[in-house]
């Protein structure tokens, strides 16, 4: 099952939990980690190194965790839609399915909606 995206940054409240979730949900692996003053970054990539997911855990965050400054929605494509659907259903994280549009949404540990669409 392959997902396609270039780069996205998500602020997370628990870095280890989020790394584990995205590793299982999107079959990614951690490629790099950087610690800075007041933040930690974990970079995850897909098998083909086609896209990068940057998870940011901030030591202090004044507001509810939200998507990175330039992100309002995260969409992933998969070549094997049925297998991806079955995989997420087994994880227990499917929140909403739109059969009319041929897509479904899963929710990550911080409550972000991730849209899964078939490669068209």
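The values are calculated or read from the model by the stated rules, or taken from the named source; none is laboratory data. Since this is a predicted model, take the numbers as computed values, not measurements. Because the Cβ atoms are built from the backbone with ideal geometry, glycine has one as well, and the counts that use them run over all protein chains shown.
Quick rundown of the values:
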quantity	calculated
Which numbered condition residue 34 misses (of (1) assigned to a strand (DSSP E or B); (2) loosely packed, with under 15 Cβ neighbours inside 10 Å; (3) at pLDDT below 85)	(3)
Positions within segment 93-112 being assigned to a strand (DSSP E or B) and modelled with pLDDT under 85, in sequence order	94, 95
From the options 71, 60, residue that is at pLDDT below 90, at negative phi, part of a loop (DSSP other than H, G, I, E, B) and out of contact with any strand residue (DSSP E or B) (no Cβ under 7 Å at 6 or more places or on another chain)	60
Which numbered condition residue 54 misses (of (1) at pLDDT 85 or above; (2) outside any strand (DSSP E or B); (3) closer than 16 Å to residue 8 by Cβ)	(2)
